[in-house]
Amino acid sequence: MPAPGSVLIVCTANICRSPIGEALLRHALAAEGEPLKSLIIESAGVAARRGAPMTEYAIAALKKAGIQSPGHLSRPLTREILRDASVVLCMTEAHRSMIKQMAHPPPAHLYLFREFMPAGSTREIADPYGGSLAMYETSRDEMVEAIPSLIAFLKTQIGPPGRG
């Protein structure tokens, strides 16, 4: 993975799940040592329009977890964004399929956000859009639950900081 490397989190419209995942992972990695804390964490949506803010419930779900995500604006996923990402994390298998269809070749490091959870765990994170705050909190909690396994995976992809 090139230094500092980047992690791209993908959902549908980039106004609910992927910005929540982006904020949660960025927050968790800030407590890690180098080079993890220097990873660039971004998000995009397979059907996003440019410039939409996060939904009010997405902001509220993050705020309840003590995390602010000011100024997030949605952006559509492009081949260029995919090409520049070291690791791509999707919310569902449908997102992964769309990415495989749009990118030639598909990203080598394309996973589900919950892919590294223990066997038997639910792998997909349902879209809370249009639902209650409780639905957003469930999506957030599913992501929080996946963060330790994601960090463990990222540690296998990124070596210790170089000694010069």
When only residues in region 136-157 that are touching an Asp or Glu at 6+ places or on another chain (Cβ under 9 Å) and more than 16 Å from Val10 (Cβ to Cβ) count, which is surrounded by the fewest Cβ atoms within 10 Å (Cβ to Cβ)? Lys155
Leading residue by the ranking (surrounded by the most Cβ atoms within 10 Å (Cβ to Cβ)) among those in region 89-115 that are part of a helix (DSSP H, G or I) and of a type in the set (A, V, I, L, M): Ile99
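Every residue, every condition in (1) over 22 Å from Ile40 (Cβ atoms); (2) out of contact with any His (no Cβ under 7 Å at 6 or more places or on another chain), yes or no:
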position	(1), (2)
Gln68	no, yes
Leu82	no, yes
Val87	no, no
Ala103	no, yes
Leu110	no, yes
Pro128	yes, yes
Glu137	yes, yes
Ile147	no, yes
Lys155	no, yes
Any helices (runs of 4 or more DSSP H) falling wholly within region 2-88 and containing at least 2 residues that are within 27 Å of Leu133 (Cβ to Cβ) and without any contact (Cβ under 8 Å) to a residue 40 or more places away in the chain: 17-30, 56-64
So if I check each of Leu36, Leu62, which one is hydrophobic (A, V, I, L, M, F, W, C), touching a Lys or Arg at 6+ places or on another chain (Cβ under 8 Å) and closer than 21 Å to Ala152 by Cβ? Leu36
Any chance Pro128 is in a loop (DSSP other than H, G, I, E, B), more than 24 Å from Ala61 (Cα to Cα), of a type outside the set (Ser, Thr, Tyr) and touching a helix residue (DSSP H, G or I) at 6+ places or on another chain (Cβ under 6 Å): no
Given (1) within 14 Å of the chain's Cα centre (by Cα); (2) surrounded by fewer than 15 Cβ atoms within 10 Å (Cβ to Cβ), where does Gly130 come up short, assuming only one miss? (1)
Look at Ser121 and say whether it is over 14 Å from Ile151 (Cα atoms), among the small types (Gly, Ala, Ser) and over 15 Å from the mean Cα position of the chain (by Cα). yes
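All of the numbers you see were taken from the coordinates with simple rules; none came from a lab. Bear in mind that the values here come from a model prediction, so they are computed numbers and not experimental data. Cβ sites come from the backbone with ideal geometry, for glycine too, and all protein chains shown count toward neighbours.
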